[in-house]
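A.B. asks: Below: one structure in structure tokens.
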Amino acid sequence: MISGYLITRIILSELFETGSFGFLHFYERRARRILPMLFVVIFVSFPAAWLILLPSTFLEFVDSVLAATFFVANFFFYFSTTEYAADSALLKPMLHTWSLGVEEQFYLIFPLLALFAVRYLKGHFLTILVALALLSLQSAEMLESINAEFNFYSPFSRFWEMAVGAALALRELNGKDDNDSFWLRLFPIFGLYLIVYSILFFDNRTPHPSFHTIIPVLGVAMIIGFASKSELVGKILGSKPFVCIGLISYSAYLWHFPIFAFARNAFLSHSTLEKLGYIALTFLLSVISYFLVEQPFRDRTRIDSKLLWKLVGAASLVSLALWLAASSGLLKKEAEAEVDRLLDNGAFREEHRAFEIGYDFSVKHDDRKSILIVGNSHAEDLLKAMSFSYLDRKYRLNLVSPVRRNKDINYQVSCFLQYLSKGSTVCEGNEYAPNIERQYADADYILLAPAWRQQDIQLLPQLFEHMLADNKIVVVVSATPRSKSFGEKGLNRLDAFLFFNQRLPSQDELRRLEREFYQDYVHSSQSELNDRLKDAVDAASTNAVRFADRSDFICDAEDKRCALYFESDGAKLLWDDSHITTAGAKSVSRIIDQKQWLSDLESVR
């Protein structure tokens, strides 16, 4: 919103005074303001990324640098942070540049819109602005329920915020009301209240941007539009400490996120004193950057236009060269130790994606009976483990899916009920027809195996009714054992040990970790979910509905431990708190074979 206000003042002031607009001069001013510090932070962050990040996250960092350089960071982070089981956004050093992408896209479009409106639609600029703002706000509110991640990063969902600032600028340039009136002097106080209210009571569950966002935006608008040196809020914000913070705010914005992200990648936990240290470092670097980078580049007498564009061009080429070198393998960061390999969960995540995208989910016909697995990522894990076992030789295995997937997608149990009851073939925006009809018609056995939620269990009686009516044999598969997770990285018990000790655990240490994992499982909400699943199966009162516990091939109930690492294979079971690696799936498949898991299926009826 502040950006919309400042940029609109610049554009309209020139248009009203001269009747024209100097695009080159405008973009040069934006470049002087934004690009030098951005490149400084990028190039300082690069060696830190090389030293701290694991190979796959380093490659993602290099991609994000390129996206930030060419003003599309918001779209890059939409795709990279919303992928299934992506690392926490707080671990991505350049994530904050998404907002620069939105602003830079605004800079490309808004001057053209303003110039057209002022020249050809005189007197209607405010009307156009308000109309577009209302469309943008309504779009943001609707998208929040359809695709919240895209809504967050979309420039159009953000346009209304900038448009509010633009309207304030237009009001000032056309002459504003007297701010000395009693009621107008209350606006800044109320605006400050709205901002503080948003800080205190908005959290990561608050839809944003949406109608909720009107609260802080209105608060900022009241301060910008009505604060002055003659009232309290204006005096406070105009005081030297706040002015000094304002001067270094852009540098602080750029520095703070990489500092905290690298710290989160390097350490699992942070004391209050350490966090205060990161904040102090942010301010120190920001002050230095303001005097050594920001001020010189804004001074045309010290750095003229030609030198500016040469430096910007050179920095852009360096960013592109680094990306090409990393992408081609010339700048490949090798994981030299076994610990590095096991901790590279980005690689395991890509491995999972490769399995999911590479699997052929089409219906094939032979003499074997067919098993159809229903569920989300935990169902995919079960398919992976079963596909390496005797079950793949005995049955035709499949998972509810389009024939081929081109991305990570999840199918929920609630969607399956909608399909059985209403014929709906869409789940979370993905179309499953016509393959789902073929899969269901072909299936002899249905395995319900999602990451169970309380609301899923409530649907089981209806699901049983539909499937039994279609003469299916139903197996309800238990929740997957979950490890306690540690730090922003969400490391499981084994990974946390590897992270802290930088070595593989001894046999005694591994057994201790696995017994702790077992306790995580049996004393968790998952155990309660399993009890409810068993109750639902018992309530069905038919042999055609049964319960299967996937902990049978993951945990040893007698020894009270759940597997984390298979020493003979050098394979860890989990790459986060509950998802199975490919090597781990191969290891547990041998246990499936030994225990002949699901061997009694054909005895039903």
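A.B. asks: With modelled with pLDDT of 95 or more, surrounded by 15 or more Cβ atoms within 10 Å (Cβ to Cβ), in contact with a helix residue (DSSP H, G or I) (Cβ under 7 Å, 6 or more places away or on another chain) and not in a strand (DSSP E or B) as the only criterion, which of L468, L533, L510 stands out?
C.D. replies: Unique residue meeting the criteria: L533.
A.B. asks: Of the residues L273, L268, only one is over 23 Å from G165 (Cβ atoms), touching a strand residue (DSSP E or B) at 6+ places or on another chain (Cβ under 6 Å) and in the same structural domain as R33 (by TED's automatic domain parsing); which?
C.D. replies: Going through L273, L268 in turn, the sole match is L268.
A.B. asks: Looking for something crowded, with 18+ Cβ neighbours inside 10 Å and either touching a residue at least 24 places away in the same chain (Cβ under 8 Å) or under 30 Å from E144 (Cα atoms) (or both) - is there at least one such residue anywhere in the stretch 267-281?
C.D. replies: Within the stretch 267-281 (the criterion being crowded, with 18+ Cβ neighbours inside 10 Å and either touching a residue at least 24 places away in the same chain (Cβ under 8 Å) or under 30 Å from E144 (Cα atoms) (or both)), the answer is no, since none of the residues qualifies.
A.B. asks: Would you check if there is a residue in the stretch 237-245 being surrounded by 14 or more Cβ atoms within 10 Å (Cβ to Cβ) and of a type in the set (G, A, S)?
C.D. replies: Taking every residue of the stretch 237-245 in turn, none turns out to be surrounded by 14 or more Cβ atoms within 10 Å (Cβ to Cβ) and of a type in the set (G, A, S).
A.B. asks: What are the residues in the stretch 428-440 that are in a helix (DSSP H, G or I) and either under 23 Å from the mean Cα position of the chain (by Cα) or in contact (Cβ under 8 Å) with a residue 40 or more places away in the chain (or both), if any?
C.D. replies: Once the filter is applied, which keeps residues that are in a helix (DSSP H, G or I) and either under 23 Å from the mean Cα position of the chain (by Cα) or in contact (Cβ under 8 Å) with a residue 40 or more places away in the chain (or both), the stretch 428-440 yields N435, R438, Q439, Y440.
A.B. asks: Mind checking whether some residue in the stretch 123-143 is out of contact with any helix residue (DSSP H, G or I) (no Cβ under 7 Å at 6 or more places or on another chain) and either buried (at least 20 other Cβ atoms within 10 Å of the Cβ) or of a type in the set (K, R) (or both)?
C.D. replies: no
A.B. asks: Something else about it: Here is a list of conditions, (1) touching a residue at least 12 places away in the same chain (Cβ under 8 Å); (2) touching a His at 6+ places or on another chain (Cβ under 8 Å), and H208 meets all of them except one; can you say which number that is?
C.D. replies: Condition not satisfied by H208: (2).
A.B. asks: Restricting the stretch 193-208 to residues that are at pLDDT below 95 and crowded, with 16+ Cβ neighbours inside 10 Å, which is farthest from P111 (Cα to Cα)?
C.D. replies: P207
A.B. asks: Let me ask something else about it. For the stretch 404-427, how many residues are within 23 Å of I580 (Cα to Cα) and in a loop (DSSP other than H, G, I, E, B)?
C.D. replies: Looking only at the stretch 404-427, we keep the residues that are within 23 Å of I580 (Cα to Cα), and these are 404-413.
This time we only want the ones that are in a loop (DSSP other than H, G, I, E, B), so: 404-412.
Number satisfying all stated conditions: 9.
A.B. asks: Have a look at D508, D538, D470, D531 and point out the one that is more than 30 Å from Y445 (Cβ to Cβ) and of a type outside the set (S, T, Y).
C.D. replies: Working: D538 fails: more than 30 Å from Y445 (Cβ to Cβ); D470 fails: more than 30 Å from Y445 (Cβ to Cβ); D531 fails: more than 30 Å from Y445 (Cβ to Cβ).
Result of the check over D508, D538, D470, D531: D508.
A.B. asks: Going by the structure shown, is F361 in a loop (DSSP other than H, G, I, E, B), surrounded by fewer than 22 Cβ atoms within 10 Å (Cβ to Cβ), out of contact with any Phe, Trp or Tyr (no Cβ under 6 Å at 6 or more places or on another chain) and of a type in the set (A, V, I, L, M, F, W, C)?
C.D. replies: So F361 fits the description; yes.
A.B. asks: How many residues are surrounded by 10 or more Cβ atoms within 10 Å (Cβ to Cβ) and either part of a loop (DSSP other than H, G, I, E, B) or in contact with a Pro (Cβ under 6 Å, 6 or more places away or on another chain) (or both) if we restrict to the stretch 364-377?
C.D. replies: Number of matching residues: 4.
A.B. asks: Enumerate the helices (runs of 4 or more DSSP H) found wholly within the stretch 25-130, keeping only those where 2 or more residues are in contact with a Ser or Thr (Cβ under 8 Å, 6 or more places away or on another chain) and over 19 Å from M162 (Cβ atoms).
C.D. replies: Qualifying helices (runs of 4 or more DSSP H): 55-69, 73-81.
The values are calculated or read from the model by the stated rules, or taken from the named source; none is laboratory data. Owing to the predicted nature of the structure, the values given are computational and were not obtained by experimental measurement. Heads up, the Cβs are rebuilt from the backbone with ideal geometry, glycines too, and the neighbour counts pull from every protein chain shown.
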